[in-house]
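In what follows, a structure is listed as structure tokens, so that the remarks can point back to it.
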């Protein structure tokens, strides 16, 4: 819901504004780790620091599972006039394949090639940056995909 409790999640939202490739759970993990490390350095409470480190790790994993599931994958649909360049760049830099699907823009009444790409959550921001760099006018739809079976994903 893009809200905040005012704790480290607020700081993580600020970090994500400047570094969108970092996931919410990872930025919370990094900020909490810095806080615990400073606590250990200044207050010399090593035992509390170790327990806190375990809690931070578990919390990060739970956040990932709750928000995105265990085998969570995203599906991108990219509509652009520069599909071949975008597909080549995604293949070269991210090592992900793309599939071209023929469609028709009902608003413009034009035939369009739509790129479809299944990707891990860590690749999403990179793929968006590639598409927007090559074609700033590209139209990108990102959806959740609960399960992807095949090369580069789950085997069965």
*Mind giving me the nanometre distance, one decimal, between the label points for residue 120 and residue 10, set 7 Å out from Cα along Cα→Cβ?*
3.4
*Mind telling me which of 57, 107, 18 comes out most flexible in a GNM of the chain, alpha-carbon contacts under 10 Å?*
107
*Any chance you could give the angle, 0 to 90 degrees and rounded to 10, that helix 24-43 forms with the longest Cα principal axis of the chain?*
20
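Arrange the peptides 122-132, 29-39, 46-56 so that the one whose residues have, on average, the most other Cβ atoms within 10 Å appears first.
Highest-to-lowest ranking by the protection proxy: 122-132, 29-39, 46-56.
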*Between helix 124-134 and the chain: long-axis angle, C-alpha atoms, 0 to 90°, nearest 10*: 50
*asked:* Tell me the angle of helix 46-68 to the major Cα principal axis of the chain, expressed in degrees between 0 and 90 and rounded to the nearest ten.
replied: 20
_Test of understanding: what is the full-extension gain from residue 41 to residue 107, defined as 0.36 nm times their sequence separation minus their Cα-Cα distance?_
17.7 nm
*asked:* Using C-alpha positions alone, give me the convex hull volume of segment 8-68 per residue in cubic angstrom.
replied: 73
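Calculate the FRET efficiency for residue 77 and residue 33 from the Cβ-Cβ distance with a Förster distance of 41 Å, rounded to the nearest 0.05.
0.70
No lab work stands behind these numbers, since they all come straight from the coordinates. If you're wondering where the values come from, they're calculated on a predicted model, not measured in any experiment. Backbone-built Cβ (ideal geometry, glycine too); neighbour counts: all protein chains shown.
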